[in-house]
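Every number here is computed from the coordinates shown, using simple stated rules; none is lab data. What you see is a predicted model, and the numbers here were worked out from it, not measured in a lab. FYI the Cβ positions are ideal-geometry reconstructions off the backbone, even for glycines, and counts take in every protein chain you see.
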Amino acid sequence: MSVSLRVGLVGYGVSGRGQHARLLREVGQHVTHVVVRDPGRAAAARADWPGVIIDPDIATMLTRASELDLVVIASPTGSHLANVTAALEAQLPVVVDKPIATTTHDARALARTAEANSGRLTVFQNRRWDAEQLTLRRVLDSGELGNVHTFERRWERWRPVPQHRWKELDVTAGGLLLDLGSHLVDSAVQLFGPVVSVYAELRSLSTPVDDDLFLALQHVPGPHGVPVHSHLQAGALVGAPGPRTRVLGDAGAYLVTTFEAEPTPFSLLDDIPRAKHDHAPEEHEGWLVRGAERVPVPRAPGGPTDFYREVVRWLTAGGPAPVDPWDAVRTATVLDAARESSVEHRVVTLR
């Protein structure tokens with residue numbers, strides 16, 4: 001890209017360095033300031049971005065707000081409210097990692113702060129730009145599934161030894177509901193519309209936080225009058241992960257058997273000998289399935305770098321944010337309802 005933004009990055013761990021810094025570099029942007037206290041991570045930032053300014057906290061970084069075009073918040077979720085508020089009140093545009101905050105109350109407060117200040121806010125719901133999501137959108141738009149009634153998506157892992165980090169230890173800001181659940185709910189809402197009711201089962205099997213979850217969402221009825229039900233699952237103790245995505249309609253199904261090279265028993269489908277007419281393209285994302293019939297679906301182009309391309313466009317050419325922060329508020333509302341449902345063992349209706 002011809003435009004190079006001066007980016008202040010808050011946090012330089014798995015998310016800050018492993019995702020945001022890498023993607024920013026891939027789209028030609030430059031990290032000029034990093035907020036980090038850990039000496040090892042500070043050294044990594046200096047090696048990655050020669051000349052970078054290392055600050056101990058966001059308040060110090062914001063004393064030089066005029067040197068920045070964008071602030072990216074990649075700190076633990078529990079600090080999002082304070083960090084995003086500070087950056088917005090310094091009149092700077094902000095990208096905040098998902099989830100936007102730990103509760104609907106805090107998410108709504110950040111969306112309102114963004115509206116009250118000239119600083120703009122968007123949320124790193126990068127999975128909207130995945131080839132997986134874009135391919136499914138194309139399949140739905142084609143009408144080949146007919147009237148869809150069920151959407152299933154799983155984000156399952158075999159991780160019997162938990163990682164020792166805040167996501168597995170912080171009972172307020174950690175856990176799979178906030179982490180992977182925010183992606184799963186956002187994907188379902190983007191595909192099938194607003195949620196009207198939530199049923200959830202949340203468990204803590206190997207960590208102090210929730211590490212096994214099931215959500216059943218009912219969406220607003222579509223044009224054909226039948227509400228889609230989304231069944232979303234995530235788990236850390238899943239030795240045999242299920243199919244990544246299954247969408248059921250009255251004219252067929254769409255099936256994705258693998259995700260990010262994670263093996264599943266269902267990936268064996270790709271090894272079944274095919275009929276002579278069944279030639280899968282080299283890059284296919286999933287299958288259209290009607291009983292014994294299966295047809296490969298070409299992969300739509302897309303990837304997480306497209307999120308940051310949209311951020312650059314947003315900041316230089318104007319227009320809507322890549323992800324409306326109020327979308328993140330609605331996701332937070334669903335996640336809060338999931339907690340309530342799991343504790344009270346009931347379906348929660350959203351108003």
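Rounded to the nearest 5, what % of DSSP beta bridges with both residues in the chain are antiparallel?
The antiparallel proportion sits near 60 percent.
Can you pull the one-decimal nm distance between simple spin-label points at Ser142 and Ala251, each 7 Å off the Cα toward Cβ?
1.1 nm
Using Rg and Dmax of the Cα atoms in Å as the read-out, say which of (i) 26.8, 99; (ii) 19.2, 62; (iii) 21.0, 67 was calculated from these coordinates.
Only one listed value fits the structure, namely (iii).
Between Ala59 and Asp324, what FRET efficiency comes out of the Förster formula 1/(1 + (r/R0)^6) with R0 = 25 Å and r the beta carbon distance, rounded to 0.05?
Efficiency for this residue pair is about 0.35.
Set the Förster distance to 41 Å, then compute FRET efficiency between His105 and Thr305 from the Cβ-Cβ distance, nearest 0.05.
With R0 = 41 Å, the Cβ-Cβ based efficiency is 0.80.
If I fit a long axis through the Cα atoms of helix 305-317 and take the longest principal axis of the Cα atoms of the chain, what angle between them do I get, 0 to 90°, rounded to 10?
50 degrees
Only Cα pairs within less than 10 Å get springs; with that Gaussian network setup on the chain, which residue of Pro93, Pro227, Pro208 has the largest fluctuation?
With Cα springs under 10 Å in the chain, the top fluctuation among Pro93, Pro227, Pro208 is at Pro208.
Lys/Arg Cβ at +1, Asp/Glu Cβ at -1, dipole of the chain taken about the Cα centre: which of Val123, Leu81, Leu5 is farthest positive-ward?
Leu5
I'd like the distance between the alpha-carbon centres of segment 121-149 and segment 310-351, rounded to an integer number of Å.
Distance between centres, Cα-based: 17 Å.
What order, most packed first, do the peptides 211-221, 180-190 have when packing is the mean number of other Cβ atoms within 10 Å of each residue?
180-190, 211-221
May I ask for the net charge around Val84, where only other residues with Cβ less than 11 Å from the Cβ of Val84 are counted and Lys, Arg are +1 while Asp, Glu are -1?
-3
What is the angle, in °, between the Cα long axis of helix 176-192 and the longest principal axis of the Cα atoms in the chain? Nearest 10 is fine, range 0 to 90.
On a 0 to 90 degree scale, this one is about 60.
So if I take the centroid of the Cα atoms in segment 1-79 and the same for segment 174-240, what is the distance between those two points in Å?
That distance is 31 Å.
Summing -39500 (n - 2.57) over the DSSP H runs of n ≥ 4 in the chain and dividing by its residue number, what mean residue ellipticity at 222 nm do you reach, to the nearest 500 deg cm²/dmol?
-9500 deg cm²/dmol
Please give the contour-minus-distance gain from Val226 to Ser66: 0.36 nm per residue of separation, less the Cα-Cα distance, rounded to one decimal in nm.
Details: separation 160, 0.36 × 160 = 57.60 nm, distance 5.21 nm.
So the chain would gain 52.4 nm between Val226 and Ser66.
Report, in debye and to the nearest 20, how large the dipole of the chain comes out about its Cα centre when Lys and Arg carry +1 and Asp and Glu carry -1 on their Cβ.
280 debye
Can you put Val196, Val247, Val96, Val139 in order, fewest other beta carbons within 10 Å first?
Numbers: Val196 14, Val247 26, Val96 29, Val139 21.
By the 10 Å Cβ count, ascending: Val196, Val139, Val247, Val96.
Around Gly222, with a cut-off of 14 angstrom between Cβ atoms, what is the net charge of the other residues, counting Lys and Arg +1 and Asp and Glu -1? Walk me through the numbers on the way to the answer.
Details: positive: none; negative: Asp141, Asp250.
With Lys, Arg at +1 and Asp, Glu at -1, the net is -2.
Which value in nm describes the separation of the simple spin-label points at His149 and Val347, placed 7 Å from the Cα toward the beta carbon?
Taking the simple label geometry, His149 and Val347 are separated by 1.5 nm.
How tilted is helix 131-142 with respect to the longest principal axis of the chain? Cα atoms for both, answer in degrees (0 to 90, nearest 10).
For helix 131-142, the angle is close to 50 degrees.
Please report the net charge: other residues with Cβ closer than 9 Å to the Cβ of Arg6, K and R +1, D and E -1.
Taking every other residue near Arg6 into account, the sum is -2.
Given labels modelled 7 Å from the Cα in the Cβ direction, how far is it in nm from Arg6 to Ala82?
Between Arg6 and Ala82, the simple spin-label model gives 2.6 nm.
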